[in-house]
Amino acid sequence: LYPAALAAKMGAALDVASNGRYMFGVGVGGEFPKEFEACGVPVNQRGARTNEALDVITKLWTEEKVSYQGRFTTLDEVTIAPAPTQKPHPPIWVAGRQEGAMKRAAKYANGWLPYMFTPEHLHASIETIKRYGEEFGRDMSTFTPGVFIFTSVHANGDTGRQRCIEMLSRQYNQDFTKLVPRYALAGTPEECRKRLQEYVDAGAKMIILAPGCAEEYADANISLVAKEVIPEFR
């Protein structure tokens, strides 16, 4: 949805302002045609635009006087100033669920951060990305696989799961009764530790745990995660 040069400028500015702590997260922007229509971008061009933008952004972050003639972008000796603080550029994290996103991660990214994945799905996606990376001739030894997981931890496992079902069903406007056990970290601390270990065993090196419960329980949930789930993995 963003012009590639604008996204590059915004990312560089954030990296400078944060003294090199910026991480560039990339997705194709959802599946709602009206949002794309409002921005003048055909929804069926999401993948192609994203791939070209990543090519452009990487060049603008690492080179000066960049000229580029692509399907969606034309540049004539463009330089981003100030350049990003991190060298060669801020880490790029790609998200998605389809094989096109995995291929994108293998070609352009430093990390992979999907969500609504089972451990089995995560492991398979990591293997796919490694295979594509080898085909692109990339050294994948420094590539970081990750996962984003909604959490709802409670002393009563059923209560934790129900709170997660209610929150995600409302947020995504669909019934999450059968999806929460597959994709979320919900239940007792022990249950959540065991489930989280499955993601670690699947290959996750970077894990973001987000509250998957009502706002009024979010602080208590975070406290339980911090005190009774995370220490197991230190």
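The values are calculated or read from the model by the stated rules, or taken from the named source; none is laboratory data. All values reported here derive from a predicted model rather than from experimental measurement. All Cβ positions, even for glycine, are placed from backbone atoms using ideal geometry, and neighbour counts span all protein chains on display. These accessible areas exclude ligands, DNA and RNA; they are computed on the full protein's heavy atoms, side chains included. Shrake-Rupley method; radii C 1.70, N 1.55, O 1.52, S 1.80 Å.
Here's the yes/no breakdown for (1) within 22 Å of Thr118 (Cβ to Cβ); (2) among the hydrophobic types (A, V, I, L, M, F, W, C):
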{"residue": "Phe148", "(1), (2)": "yes, yes"}
{"residue": "Ala155", "(1), (2)": "no, yes"}
{"residue": "Gln174", "(1), (2)": "yes, no"}
{"residue": "Tyr183", "(1), (2)": "yes, no"}
{"residue": "Ala186", "(1), (2)": "yes, yes"}
{"residue": "Glu191", "(1), (2)": "yes, no"}
{"residue": "Cys213", "(1), (2)": "yes, yes"}
{"residue": "Ser223", "(1), (2)": "no, no"}
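Could you tell me whether the range 142-165 includes any residue that is among the basic types (Lys, Arg) and over 29 Å from Ile92 (Cβ atoms)?
Of the residues in the range 142-165, the ones among the basic types (Lys, Arg) are 161, 163.
Still in the list and also over 29 Å from Ile92 (Cβ atoms): 161, 163.
Yes; the residues of the range 142-165 include at least one that is among the basic types (Lys, Arg) and over 29 Å from Ile92 (Cβ atoms).
Looking at Ile57, Ile126, which one is in the same structural domain as Asp201 (by the TED database), open to solvent by less than 20 Å² (accessible area, probe 1.4 Å) and under 26 Å from Asp139 (Cβ atoms)? Write out each step before concluding.
On the way: Ile57 fails: in the same structural domain as Asp201 (by the TED database).
After ruling out the rest, the residue left standing is Ile126.
Evaluate the following for Pro88: is it touching a residue at least 24 places away in the same chain (Cβ under 8 Å) and either assigned to a helix (DSSP H, G or I) or open to solvent by less than 40 Å² (accessible area, probe 1.4 Å) (or both)?
Values: touching a residue at least 24 places away in the same chain (Cβ under 8 Å): yes; either assigned to a helix (DSSP H, G or I) or open to solvent by less than 40 Å² (accessible area, probe 1.4 Å) (or both): no.
It is false that Pro88 is touching a residue at least 24 places away in the same chain (Cβ under 8 Å) and either assigned to a helix (DSSP H, G or I) or open to solvent by less than 40 Å² (accessible area, probe 1.4 Å) (or both).
Which one of Phe176, Phe148 is open to solvent by less than 20 Å² (accessible area, probe 1.4 Å), of a type outside the set (Gly, Ala, Ser) and either within 27 Å of Glu228 (Cα to Cα) or part of a helix (DSSP H, G or I) (or both)?
Numbers: Phe148 fails: open to solvent by less than 20 Å² (accessible area, probe 1.4 Å).
Answer to the check: Phe176.
Scan the range 191-204 and report the pairs whose first residue is under 22 Å from Lys130 (Cα atoms) and in the same structural domain as Gly111 (by the TED database) and whose second residue is part of a helix (DSSP H, G or I) and at pLDDT 95 or above, with Cβ atoms within less than 6 Å and a gap of 6+ or a chain change.
Once the first residue is under 22 Å from Lys130 (Cα atoms) and in the same structural domain as Gly111 (by the TED database) and sits in the range 191-204, its partners that are part of a helix (DSSP H, G or I) and at pLDDT 95 or above give Glu198/Pro119; Tyr199/Pro119; Ala202/Pro119; Ala202/Leu122; Ala202/His123; Gly203/His123; Gly203/Ile126.
Is it the case that Asn51 is assigned to a helix (DSSP H, G or I) and either open to solvent by less than 20 Å² (accessible area, probe 1.4 Å) or more than 25 Å from Phe148 (Cα to Cα) (or both)? Lay out the reasoning, then the answer.
On the way: assigned to a helix (DSSP H, G or I): yes; either open to solvent by less than 20 Å² (accessible area, probe 1.4 Å) or more than 25 Å from Phe148 (Cα to Cα) (or both): no.
Taking the combined requirement at face value, the residue does not satisfy it.
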